[in-house]
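Here the structure comes first, spelled out in structure tokens, and everything after it is commentary.
The numbers here are math on the coordinates, done by the rules we state, and not lab data. The structure displayed is predicted, hence computed values, not measured ones. A quick note on method: Cβ atoms are made from the backbone with ideal geometry, for glycine too, and the neighbour counts reach across all protein chains shown.
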Amino acid sequence: MLNFEVMAPVTEIGKRGVAMKAIVDFCLIPIGVGVSLGSYIAACEKILTKAGLKTQLHGYGTNVEGEWDEVMKAIKECHETVHKMGAPRISSTIRLGTRVDRDQTIEDKIRSVQEKL
């Protein structure tokens, strides 16, 4: 069931033209290029950094923080670049979260859990 009062701030933000920040867990897997994938992942990391996004590489992907449109544009560029590098197929997973009630960073989310340990 939708609560339109909770959703109203999103509409207001859109009307004012304020950018929506996203935190994304992004995993790109080139298919058909062998078992060594480091050069493909490094190319994507360079793209994300060049885009001015905050990143945190981890064992099975990259956490990415930034404005929604910029994050999605960089992810698209990652796909285009990896295809140009010779990957005939790519499988990606993207988990993302947004919030409009307050600013929150990747570090804030991690710290919140660590303080409870």
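For region 35-117, which chymotrypsin sites (Phe, Trp or Tyr not before Pro) are in a loop by DSSP, counting at most 14 other Cβ atoms within 10 Å? Display every interim value, and only then the final one.
Details: sites: Y40, Y60, W68; in loops: Y60.
Answer by residue number: Y60.
Once you order the gyration tensor axes a ≥ b ≥ c over the Cα atoms, which shape class does region 19-114 get: rounded for a/c under 1.5, otherwise prolate or oblate by comparing a/b with b/c? Walk me through the numbers on the way to the answer.
On the way: a/c = 2.47, a/b = 1.81, b/c = 1.36.
Prolate.
Suppose every Lys and Arg Cβ carries +1 and every Asp and Glu Cβ carries -1, with no other charges. What dipole size does region 19-114 come out with about its Cα centre, to the nearest 20 debye? Provide the component values of the computation, followed by the final result.
On the way: 13 positive and 12 negative charges, 37 e Å.
Roughly 180 debye, rounded to the nearest 20.
Would you mind getting me the FRET efficiency between E107 and T81? Use the beta-carbon distance for r and R0 = 35 Å, nearest 0.05. Intermediate values should be presented prior to the final figure.
Working: r = 28 Å, r/R0 = 0.79.
Calculated value: 0.80.
Taking 26 Å as the cut-off for C-alpha to C-alpha distance, list the pairs among K46/K116; K50/K116; K46/K109; K21/K84 that go past it.
Checking Cα-Cα distances, K46/K116; K50/K116; K21/K84 exceed 26 Å.
Under a plain spin-label model, where a point goes 7 Å from the Cα along Cα-to-Cβ, how far apart in nm are L57 and V35?
Reported label-point gap for L57 and V35 is 2.1 nm.
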